[in-house]
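S.K.: Here's a structure for you.
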Amino acid sequence: MRLALFSFLHHRRVLVLSIAVVLLCLAALTFIQGNALLGKTDLFTMQTAFSTAKMETILSEWGEEGVSAYLRMMWADFFFPAGYGIALASAITLLAIPRGEAPNKKVLILMLLPLIAGLCDMVENIFHLFLLQNPQNLPAFPTLLAASFASVKWLLLFVSALIIVAYSFLSFRRR
């Protein structure tokens, strides 16, 4: 299965198309958000709020308009993780393995990291949809789970970026 996934990801057109999806999603997210969250607590801080008290403080600051904008953004925020997960995984395969060479086990594992990050993002989004149905009465455990999935997502994205930088450097040195 990982070989089939590698074969799919190891094409420049997959990278280009997934980057296009990411850019379209970013444009949609920016348009939908508008000024509703401008100057307010950022999404990263909200996503990684492990306690209901912290989350309630952020949502209170955002107000009804901010929470509503965040909920409207959710439809695009389910395509966004798929786009960036595929784009980053494709970049890893293309940088790590020259055309025509077979992938090694390390690359077959590393390419999964951004895809897992995207899945964590989608699970986090599901929890946020659940939590924001009643933002005045947030349950503790789902709040903790949402923040946990978000934290794993951010960690995996950071590691994926480091992998891409490392393989870019190695690819440059091969030339």
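The values are calculated or read from the model by the stated rules, or taken from the named source; none is laboratory data. As the structure is a computational prediction, the values presented were derived from the model and not from experiment. Because the Cβ atoms are built from the backbone with ideal geometry, glycine has one as well, and the counts that use them run over all protein chains shown.
S.K.: One residue is enough: does the stretch 78-91 have a residue meeting the conditions at pLDDT below 95, in a helix (DSSP H, G or I) and out of contact with any strand residue (DSSP E or B) (no Cβ under 9 Å at 6 or more places or on another chain)? Before the answer, list the steps.
M.R.: Going residue by residue through the stretch 78-91, those that are at pLDDT below 95 are 78.
From what is left, the residues that are in a helix (DSSP H, G or I) are 78.
Still in the list and also out of contact with any strand residue (DSSP E or B) (no Cβ under 9 Å at 6 or more places or on another chain): 78.
Yes, some residue in the stretch 78-91 is at pLDDT below 95, in a helix (DSSP H, G or I) and out of contact with any strand residue (DSSP E or B) (no Cβ under 9 Å at 6 or more places or on another chain).
S.K.: Scan the stretch 6-22 and tell me whether some residue there is in contact with a Pro (Cβ under 8 Å, 6 or more places away or on another chain) and touching a residue at least 40 places away in the same chain (Cβ under 8 Å). If you could, list the steps in order and put the result at the bottom.
M.R.: Narrowing the stretch 6-22 to residues in contact with a Pro (Cβ under 8 Å, 6 or more places away or on another chain): 6, 10.
Of the ones still in play, those that are also touching a residue at least 40 places away in the same chain (Cβ under 8 Å) are 6, 10.
Yes, the stretch 6-22 contains a residue that is in contact with a Pro (Cβ under 8 Å, 6 or more places away or on another chain) and touching a residue at least 40 places away in the same chain (Cβ under 8 Å).
S.K.: Looking at the stretch 54-73, can you tell me whether even one residue there is surrounded by fewer than 16 Cβ atoms within 10 Å (Cβ to Cβ) and assigned to a loop (DSSP other than H, G, I, E, B)?
M.R.: No, the conditions are met nowhere in the stretch 54-73.
S.K.: Being in contact with a Cys (Cβ under 6 Å, 6 or more places away or on another chain) and either in a helix (DSSP H, G or I) or not β-branched (Val, Ile, Thr) (or both) narrows it down to one of PHE149, PHE141, PHE130, PHE158, so name that one.
M.R.: Going through PHE149, PHE141, PHE130, PHE158 in turn, the sole match is PHE149.
S.K.: From GLN133, GLN47, grab the single residue that is polar (S, T, N, Q) and free of Cβ contacts under 8 Å to residues at least 12 places away in the same chain. Show your work before the answer.
M.R.: Numbers: GLN47 fails: free of Cβ contacts under 8 Å to residues at least 12 places away in the same chain.
On inspection, the qualifying residue turns out to be GLN133.
S.K.: Looking at LEU110, LEU156, LEU131, which one is at pLDDT below 95 and crowded, with 19+ Cβ neighbours inside 10 Å?
M.R.: LEU131
S.K.: Given the criterion in a loop (DSSP other than H, G, I, E, B) and either among the aliphatic types (A, V, I, L, M) or under 21 Å from SER160 (Cβ atoms) (or both), identify the matching residue among LEU23, LEU37, LEU108.
M.R.: Details: LEU23 fails: in a loop (DSSP other than H, G, I, E, B); LEU108 fails: in a loop (DSSP other than H, G, I, E, B).
The unique qualifying residue is LEU37.
S.K.: Exactly one condition in (1) over 30 Å from LYS54 (Cβ atoms); (2) modelled with pLDDT of 95 or more; (3) not aliphatic (A, V, I, L, M) is not met by GLY100; state its number.
M.R.: (2)
S.K.: Continuing with the same structure: In the stretch 63-91, what residues are farther than 21 Å from LEU26 by Cβ and under 17 Å from the mean Cα position of the chain (by Cα)?
M.R.: none
Residue-wise test of (1) more than 15 Å from ILE32 (Cα to Cα); (2) surrounded by fewer than 18 Cβ atoms within 10 Å (Cβ to Cβ); (3) touching a Cys at 6+ places or on another chain (Cβ under 9 Å).
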{"position": "ASP77", "(1), (2), (3)": "no, no, yes"}
{"position": "PHE80", "(1), (2), (3)": "no, no, yes"}
{"position": "ILE86", "(1), (2), (3)": "yes, no, no"}
{"position": "PRO98", "(1), (2), (3)": "yes, yes, no"}
{"position": "GLU101", "(1), (2), (3)": "yes, yes, no"}
{"position": "ASN104", "(1), (2), (3)": "yes, yes, no"}
